[in-house]
Amino acid sequence: MSPRHKRQIIVGMVNRGRCTAREACRHFGLHRSTFGYAAKQPDAWMAKLKAALRRMSRVHPELGYMKIARLLKQAGWRVGSRLIQR
């Protein structure tokens with residue numbers, strides 16, 4: 001049983017008032033920090049940056065990440081070469 005499935009079962013038990021989250025986590029062997037974890041949503045700024053990066057890479061396929069980073073900076077993006085390299 002996956003942690004996601006365990007989390008869903010525990011939420012159902014806690015919402016119905018059958019037990020506390022602590023007791024349910026102990027019963028199912030799920031760590032409480034895993035139960036309380038909320039996944040991060042994709043960042044809109046990063047999605048726009050990736051789109052701009054792909055666009056620049058298609059226009060200038062011969063350039064490396066350093067020059068692409070320089071072009072993005074000139075276009076108004078606040079980025080460093082390490083971010084572009086990743």
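A quick yes/no check of all residues on (1) outside any helix (DSSP H, G or I); (2) modelled with pLDDT of 90 or more:
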| residue | (1), (2) |
| --- | --- |
| C19 | yes, yes |
| A24 | no, yes |
| H27 | no, yes |
| T34 | no, no |
| A39 | yes, no |
| P42 | yes, no |
| A52 | no, yes |
| L71 | no, yes |
| R82 | no, no |
Flag if F28 is surrounded by 10 or more Cβ atoms within 10 Å (Cβ to Cβ), hydrophobic (A, V, I, L, M, F, W, C) and either in contact (Cβ under 8 Å) with a residue 40 or more places away in the chain or in contact with a Cys (Cβ under 9 Å, 6 or more places away or on another chain) (or both): no
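The values are calculated or read from the model by the stated rules, or taken from the named source; none is laboratory data. None of these values were measured; they are calculated from a predicted model. All Cβ positions, glycine included, derive from the backbone under ideal geometry; neighbour counts span all protein chains shown.
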